Amino acid sequence: MTPPRRRAFAATAAAMAGLGFGIPCVIGTYHLARTGDVWQFLGFPTYGGGPFERLGVQTSVPLMLAFLLVCAGEAVLAGAIVRRSSWAPAMSTILLPVELAFWIGFALPFGYVFGFARVVLLRFQPTSTRRRSTQSLAAERTTAGSTGSRTWITRRA
């Protein structure tokens, strides 16, 4: 179980990446579909001129929509992390390579920082946290009593 502070930071990282890249992606996709040119933000091409184009993969509306789908998945993941969904840590790890492909392909800055931070916060716990949770589990087992067919577990404070 991920501690609340780590979970909050992981959800924030997921939301920042999902919305921070997703909202400009909507604008960029609309602009590309309307004009045929890559949208410029503060003088920089938002989703063009990166390694994708150097490899011969031109920025297109379907490619942008695929990235928008990944961004939407990340925003949903942020909500799942907040709701403590059991599948959120695994989905976070599965989503990372797909995100990396787009972040690198479009030459987007800082995406990998949010992605790796999210995965590390959800998947890896410090030793002291693991030790504490193991000790509390052992305390629960020693205080468990059996009454008839039911087992009652009391927690120590």
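Could you work out how far apart the two model spin labels at Q58 and T93 are, taking each label as a point 7 Å from the Cα in the direction of the beta carbon, and quote it in nm?
4.0
Grab the Cα-Cα distance for A72 and R34, subtract it from 0.36 nm times how many residues apart they are, and report the gain in nm with one decimal.
11.5 nm
Scan around Y47 for amide H atoms under 5 Å from its own, H built in the peptide plane at 1.01 Å from N, and keep only partners 5 or more places away or cross-chain.
W39
Heavy atoms only, 1.4 Å probe, whole protein assembly: order Y30, Y47 by accessible area, highest first.
Sorted descending by solvent-accessible area, the residues read Y30, Y47.
Tell me, what is the 1.4 Å probe accessible area of V38, in Å² to the nearest 10?
Its heavy atoms expose roughly 40 Å² to the probe.
Solvent-accessible area per residue for segment 1-117 at a 1.4 Å probe radius, Å²?
The answer is 55 Å² per residue.
Ordering W39, W103 from largest to smallest accessible area (1.4 angstrom probe), what's the sequence?
Correct descending sequence by accessible area is W39, W103.
Starting at the first residue of segment 71-88, write each ³J(HN,Hα) from the Karplus equation 6.51 cos²θ - 1.76 cosθ + 1.60 with θ = phi - 60°, in whole Hz, x for Gly and Pro.
5, 5, x, 5, 5, 5, 4, 4, x, 5, 5, 5, 7, 6, 5, 5, 8, 4
So if each residue of separation counts as 0.36 nm, and I subtract the Cα-Cα distance between I27 and F41, what length gain in nm does that give?
Net length gain for the segment: 4.0 nm.
Which sequence of T93, T46 reflects their accessible areas, 1.4 Å probe, from the largest down?
So, going from the largest accessible area down, we get T93, T46.
Mind jotting down the distance between the C-alpha centroids of segment 1-54 and segment 80-114, whole Å?
Using only Cα atoms to place each centre, the spacing works out to 12 Å.
What is the gain in length, in nm to one decimal, between R123 and R5 on full extension, counting 0.36 nm per residue of separation less the C-alpha to C-alpha distance?
Full-extension gain reported as 41.1 nm.
Quick one: net charge of P45's neighbours, Cβ under 11 Å, K/R +1, D/E -1?
That sum, taken over residues with Cβ under 11 Å, equals -2.
The values are calculated or read from the model by the stated rules, or taken from the named source; none is laboratory data. Only a predicted model underlies this, so the values are computations on that prediction, with no experimental measurement involved. Here Cβ is always computed from backbone atoms with ideal geometry, including for glycine, and neighbour counts include all displayed protein chains. With ligands, DNA and RNA removed, areas are computed over all heavy atoms of the protein, side chains included. Shrake-Rupley method; radii C 1.70, N 1.55, O 1.52, S 1.80 Å.
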